[in-house]
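The values are calculated or read from the model by the stated rules, or taken from the named source; none is laboratory data. From a predicted model like this one, the values you see are computed outputs, not experimental measurements. Glycine also receives a Cβ, built like all others from the backbone with ideal geometry; neighbour counts cover every protein chain displayed.
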Amino acid sequence: MTDAPPAYSDDRALVNAVLSGRSGAFERLVREHQTLCWHIVLKLVRDRGDAEDLCQETFLRVHRYLDQYRFDSALRTWIGRIAYSVALRHLERRRLPLADEPAFVDDADGDGGYGEALDRIPGDDDPQARSEQTQIDALLRRQMDRLPPIQSLLLTLYHLDELTIPEISATTGLPSGTIKSHLFRARARLRDALATALGEAP
């Protein structure tokens, strides 16, 4: 196994701990990366029950193939690629589209925080402002789940998980230009939906 670049030293320590069978090491790996896995899988398959099963499958694959991880990317990127691949295979088996308009999925208790992540308008520290911002956040979550799955996923990875464009490209296999185009269209749609809901001209 080649030496990991300095940026991946924490990944190397964790991977070596798992491969050496250290108690609790794999559980720590799961804890550190389960949110990213959940975001990727749920945004694509749009079913919480299926997403739970597919996340379990993802980490089973991670455990099985961890000795093949070569530190040529961050561990989260490697795990993200596995999660993305597992979700895509599920969609292919079910013959479900990746880019068509999805049905609405209520995930208000799972993926909060889009308001902050999407550069929401800051409110004053008063109850009315907080109430209005809460409504805006809820609207953004609903509209996020109405986007085509790939756009919802890319927004989540970029704004909520704070992956860079190159990291998202490495995770999904999509070219950087395609990712930027999806992000641009998705943000425009969210802005229009928010403006409409607030009674403003888009």
Pair list, Cβ under 7 Å, 6 or more apart: the stretch 142-156 residue within 16 Å of THR178 (Cβ to Cβ), other residue of a type in the set (Asp, Glu) and buried (at least 20 other Cβ atoms within 10 Å of the Cβ): SER152/ASP145
Residue check for ASP10: surrounded by fewer than 17 Cβ atoms within 10 Å (Cβ to Cβ), closer than 20 Å to ILE168 by Cβ and over 19 Å from the mean Cα position of the chain (by Cα): no
Test set (1) within 21 Å of LEU155 (Cα to Cα); (2) at pLDDT 50 or above; (3) surrounded by fewer than 15 Cβ atoms within 10 Å (Cβ to Cβ) - PRO122 fails condition number: (2)
The stretch 125-157: number of residues that are at pLDDT below 75, in contact with a Gly (Cβ under 9 Å, 6 or more places away or on another chain) and of a type in the set (D, E, K, R): 3
